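The values are calculated or read from the model by the stated rules, or taken from the named source; none is laboratory data. Since we're looking at a predicted model, the values are computed, not measured. Here the Cβ positions follow ideal geometry from the backbone for every residue, glycine too, while neighbour counts run over all protein chains shown. Areas reflect the complete protein model, heavy atoms only, side chains present, ligands, DNA and RNA absent. Shrake-Rupley method; radii C 1.70, N 1.55, O 1.52, S 1.80 Å.
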Amino acid sequence: MLTIDGIPLHPLLVHAVVVLLPLAALSSVAIALVPSWRRKYAWPVLGVTLAGVAAVPVAKQAGEDLMATLESRVGPNPAIQTHADLGTTLLPIALGFGVAVIALLVAGRLADRERGAEAPTTKTWRVISVVVSVLVVLLAIGTVYQTVRAGHSGSEAVWSGIGS
């Protein structure tokens, strides 16, 4: 089990997940709903989103290492297993969210070009950007919901004395 100054790496990494994913969700919803903000804040939103999504598998791996260490010391525990299961479920949701944000930025950029054409012949990218915006909002909600569920179950396990 990896530690930093005696503290297991998992609880430190989890803070990146529980801060960055909700921040990415909130900011991606903002740029999905306000296209002019998308043009201005696309890069920071993409950076926060990628950092948050990347933190999930790293925290998950550190959690598996911590769980193996705890199980060897105190045996299996249902609260820790519930937390691990919720964390495992977060990974595909966060990945889907990250892909949707990237798709929004690409579709939004192409929609902006389509809007700026002298004689626009189609509205294809504008329609696609609206559809992707709805998808981003839904996945942002799902990401925050699952992040809260996983984080809450982990904090319950620790504060009830299981992680001591």
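Within the range 46-92, the residues that satisfy the criterion of being of a type outside the set (A, V, I, L, M) and under 17 Å from P22 (Cβ atoms) are G47, T49, G52, G87, T89.
For the criterion of being more than 23 Å from H152 (Cα to Cα) and of a type outside the set (A, V, I, L, M), G47 passes. Any idea which residue in the range 1-47 is most open to solvent (accessible area, probe 1.4 Å), counting only those that are touching a helix residue (DSSP H, G or I) at 6+ places or on another chain (Cβ under 8 Å) and in a loop (DSSP other than H, G, I, E, B)? Checked the range 1-47; the qualifying residue most open to solvent (accessible area, probe 1.4 Å) is L2.
Scanning the range 69-79 finds one or more residues that are more than 17 Å from P8 (Cβ to Cβ), open to solvent by 70 Å² or more (accessible area, probe 1.4 Å) and free of Cβ contacts under 8 Å to residues at least 12 places away in the same chain.
A single entry from A16, A62, A68 fulfils the requirement of being out of contact with any strand residue (DSSP E or B) (no Cβ under 6 Å at 6 or more places or on another chain) and at pLDDT 95 or above: A16.
If you filter the range 107-129 down to residues that are open to solvent by 80 Å² or more (accessible area, probe 1.4 Å) and in a helix (DSSP H, G or I), you find that the one that is modelled with the lowest pLDDT is R115.
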